[in-house]
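Data first, discussion second: the structure below is written as structure tokens.
The values are calculated or read from the model by the stated rules, or taken from the named source; none is laboratory data. Note that this is a predicted model, so its numbers are computed, not measured. Every residue, glycine as well, gets a Cβ built from its backbone with ideal geometry; the counts of neighbours run over all protein chains shown. Side chains included, ligands, DNA and RNA excluded: accessible areas come from the protein's heavy atoms. Shrake-Rupley method; radii C 1.70, N 1.55, O 1.52, S 1.80 Å.
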Amino acid sequence: MSVKVRTEWRGNEFVRAVEQAGNEALTRGAITLQAQMSRTLNNPSPSSPGSPPGVDRGQLRQSITYVVDRTAKVGTPFKYGRWLEYGFTASPRTVKRLPVPVNREARRMLRTLDVGTGGRVSLRSKNLTFIPRKGKDPLLVERVSKDGTFSGAIFVLKKQVTVHARPWVVPSANAARKKIVEQMRDTFARSLARFATR
């Protein structure tokens, strides 16, 4: 009795199937990391140094996206996402001091300002009073009453501002690492199994 064996070479198809399986696995891993990053950015604001950033308007959290093309990239297009991860020190470039909002009204005022060309925010259009203080940083105050009390928006004018790191990317990756690996492995295996059964 003779048995005929027919061999069919599908190497090119297999290579494409492996690439597709890899992209599907990377996509699954990227989606998992994106979801974990969103969960990490779910703390009330303000946050303490060393902990993830608190949510103010939620723009950072909503901006997290991913791109997959043989590699996976997950992150935000906003520069301040990186600044928050590692911390930073800011110094004014064109003015003598930086206005740092002290209260809710000041933060609200900053949000309503248009960012001009070059990305700078100007408070000149607002009716603010300059208050010098001996031995302390001066203030910009929206309203000063006759008895010298302040109300409305209050800013402290600083020569330099240091924001301590509030890591959120690395903790997210560490928290999701095991789940990402499992999901990528399972997605890759399922994708190749579809090729094998064709």
Item to check | Under 16 Å, Cα to Cα: Lys pairs in the range 117-198, sequence gap 8 or more or different chains | outcome: 4
Checklist entry - When the solvent-accessible surface of protein heavy atoms is calculated with a 1.4 angstrom probe, in what order do Lys159, Lys179 fall, highest first? => result Lys159, Lys179
Next on the checklist: If packing is taken as the average number of other Cβ atoms within 10 Å across a peptide's residues, how do 183-194, 31-42, 85-96 rank, most packed first?
Outcome noted: 31-42, 183-194, 85-96
Next on the checklist: Rounded, prolate or oblate for the chain? Axes are the square roots of the Cα gyration tensor eigenvalues, ordered a ≥ b ≥ c, and the cut-off for rounded is a/c under 1.5.
Outcome noted: prolate
Item to check | Length-normalised contact order for the range 61-194 - Cα pairs under 8 Å, 6+ apart - percent | outcome: 27
Next on the checklist: As a test question: what accessible area, to the nearest 10 Å², does Glu19 have when a 1.4 Å probe is rolled over all protein chains in place?
Outcome noted: 90
Item to check | In sequence order, calculated HN-Hα J values of the range 137-151 (Karplus, 6.51, -1.76, 1.60; Hz; x Gly/Pro) | outcome: 5, x, 10, 10, 10, 6, 9, 10, 7, 4, 8, x, 7, 9, 8
Checklist entry - Taking the range 53-82, which trypsin sites (Lys or Arg not before Pro) meet the DSSP loop condition and have no more than 10 other C-beta atoms within 10 Å? => result Arg57, Arg70
Checklist outcome for this item: Averaged per residue, the 1.4 Å probe accessible area of the chain, protein heavy atoms only, in Å², is roughly 72
Checklist entry - Taking all protein chains as present, what is the carbon and sulfur share of the accessible area of the chain, in % to the nearest whole number, probe 1.4 Å? => result 53
Item to check | Virtual spin-label span in nm between Val15 and Glu182, 7 Å along Cα→Cβ | outcome: 3.5
Checklist outcome for this item: Longest principal axis of the chain (C-alpha) makes with the long axis of helix 11-40 (C-alpha) an angle, in degrees to the nearest 10, of 30
Next on the checklist: How big is the dipole moment of the chain about its Cα centre under a simple scheme where the beta carbon of each Lys and Arg is +1, that of each Asp and Glu is -1, and everything else is neutral? Debye, nearest 20, please.
Outcome noted: 440
Item to check | Vicinal HN-Hα couplings computed from phi for the range 164-180 (Karplus, 6.51 cos²θ - 1.76 cosθ + 1.60; Hz; Gly/Pro x) | outcome: 6, 4, 10, x, 9, 6, 4, x, 5, 5, 5, 5, 9, 3, 4, 5, 4
Next on the checklist: At 1.4 Å probe size, what's the solvent-accessible area of Leu84? Round to the nearest 10 Å².
Outcome noted: 30
Checklist entry - In debye to the nearest 20, how big a dipole does the range 5-122 give about its Cα centre with +1 on each Lys and Arg Cβ and -1 on each Asp and Glu Cβ? => result 560
